[in-house]
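The values are calculated or read from the model by the stated rules, or taken from the named source; none is laboratory data. What you see is a predicted model; the values in this text were computed from it and never measured. Positions of Cβ are backbone-derived with ideal geometry, glycine not excepted, and every protein chain shown enters the neighbour counts. Calculation scope for accessible area: heavy atoms of the full protein, side chains included, ligands and nucleic acids excluded. Shrake-Rupley method; radii C 1.70, N 1.55, O 1.52, S 1.80 Å.
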Amino acid sequence: MLIARGVLSGLLAVALSGCVHLPQMSRPAAQFNGPVPLATSTPADDALLCLSQRPEVRNSRVVFAVHTITDQTNKFTNEEGGIVPRDVAGMLVTALQKAGVRQVNRSNTVVTEWEIARAREQILGDGGPVTVGNQTVDFRPIAPGSVRGSDYVIDGGITQLDFNTYSGGGEAIVAGIGAGARTFALTAAVDLRVTNTVSTEIVRAGTYSKQAVGTEVYASIFRFFSNDLYDIRIGDKSQEGVHAGLRWVLAEAAYDIVSSISRHNGSCDRYLPQVTQELRNEQASHRATIAQQG
């Protein structure tokens, strides 16, 4: 007991001495670099890449736009704020890009609108004279029809965030020594709609959900010494990221949307995860059964 208190006192003294004697006019410490950055991917990316090579997608003149996909759950913590992103439109834009479709920016047009306004005032230039037909001007001209319109716009919201979708496990403590394990999950879902920007007709709408699963295994020792409690806990905890799960959800949605609009024959389905293929086949079989019975 006395030894433990002595060690704590020594550590406290070292910490305080470090706070008092700060290095002056010294070289900065070398920057610590962790794992290298990489291009983020999802298990649906191979299927998206397959779509980008299909002639019905590569030769298509259809143009997509993504507006906003906002957080409608309004769930947050005092420590970290919102549990899900306020807008995941950028994730869907990236997924559509991987699928090889044409896109126009409708998520953030602030700079574009500012430059168009300055071009109308004839004060925006491109670094030199510009020739339009038989006329040369020193400003950026605005040609009729130069801004490309979209054929379909995608928007929606994160509409579901349920905690403890399922959980299980156990814990045992004997004479102050214990161990336990548990599993838990939460479910997030996104509702998306695809609208024809000419007719305003909604041509497709659907919900996509993802369970984020976590596991925890631990061992612990509880001991009272005099008036002090010592709690030593050793274990391992892992949890699937909610944001990463949403990225995967939107990649799956992008695959379905592009496949539907381009009338893809389904040959790229084989690049989806095996379990995904099985679930899709089960759902298709179930729908076919209902249609026959109807």
(message) Just to be sure before I move on: is Leu250 within 18 Å of the chain's Cα centre (by Cα), surrounded by 21 or more Cβ atoms within 10 Å (Cβ to Cβ), in a helix (DSSP H, G or I) and at pLDDT below 95 in the structure I sent?
(response) no
(message) Return the residues of the stretch 56-112 that are under 18 Å from Tyr255 (Cα atoms), open to solvent by less than 80 Å² (accessible area, probe 1.4 Å) and part of a loop (DSSP other than H, G, I, E, B); say none if nothing qualifies.
(response) Ser60, Val62, Val88, Ala99, Gly100, Val101
(request) Within the stretch 52-75, work out how many residues are within 21 Å of the chain's Cα centre (by Cα) and in contact (Cβ under 8 Å) with a residue 60 or more places away in the chain. (result) 11
(request) Identify the single condition in (1) in contact (Cβ under 8 Å) with a residue 40 or more places away in the chain; (2) under 22 Å from Ala89 (Cα atoms) that Ser41 does not satisfy, given that it satisfies every other one. (result) (1)
(message) Anything in the stretch 258-294 that is in contact with a strand residue (DSSP E or B) (Cβ under 9 Å, 6 or more places away or on another chain) and over 14 Å from Leu49 (Cα atoms)? List them, or say none.
(response) Ser260, Ile261
(message) Going through Asp155, Asp231, Asp191 one at a time, which residue ends up being over 30 Å from Glu115 (Cβ atoms), at pLDDT 95 or above, assigned to a strand (DSSP E or B) and of a type in the set (Asp, Glu)?
(response) Asp191
(message) Just checking, does the stretch 70-82 include any residue being in contact with a Phe, Trp or Tyr (Cβ under 6 Å, 6 or more places away or on another chain), within 30 Å of Ile158 (Cβ to Cβ) and modelled with pLDDT under 95?
(response) yes
(message) Pairs please, first residue from the stretch 186-200 and over 16 Å from Thr159 (Cβ atoms) and free of Cβ contacts under 8 Å to residues at least 24 places away in the same chain, second anywhere and open to solvent by less than 10 Å² (accessible area, probe 1.4 Å) and charged (D, E, K, R), Cβ atoms under 8 Å, 6+ apart in sequence or on different chains.
(response) none
(message) Here is a list: Val88, Val104, Val110. Which entry is touching a Gly at 6+ places or on another chain (Cβ under 8 Å) and of a type outside the set (S, T, N, Q)?
(response) Val104
(request) Answer with yes or no whether Glu216 is open to solvent by less than 50 Å² (accessible area, probe 1.4 Å), acidic (Asp, Glu) and modelled with pLDDT of 60 or more. (result) yes
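Take the residues in the stretch 122-152 that are outside any loop (DSSP other than H, G, I, E, B) and hydrophobic (A, V, I, L, M, F, W, C), then tell me which one is farthest from Arg61 (Cα to Cα).
Looking at the filtered set, the residue picked out is Val137.
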(request) Could you list, in sequence order, all residues of the stretch 254-279 that are open to solvent by 30 Å² or more (accessible area, probe 1.4 Å) and in contact with an Asp or Glu (Cβ under 7 Å, 6 or more places away or on another chain)? (result) Arg263, Tyr271, Gln277
(request) For the stretch 41-55, enumerate the residues that are open to solvent by less than 50 Å² (accessible area, probe 1.4 Å) and of a type outside the set (Asp, Glu). (result) Thr42, Ala44, Ala47, Leu48, Cys50, Leu51, Ser52
(request) For the stretch 108-117, state whether one or more residues are free of Cβ contacts under 8 Å to residues at least 60 places away in the same chain and under 30 Å from Leu186 (Cα atoms). (result) no
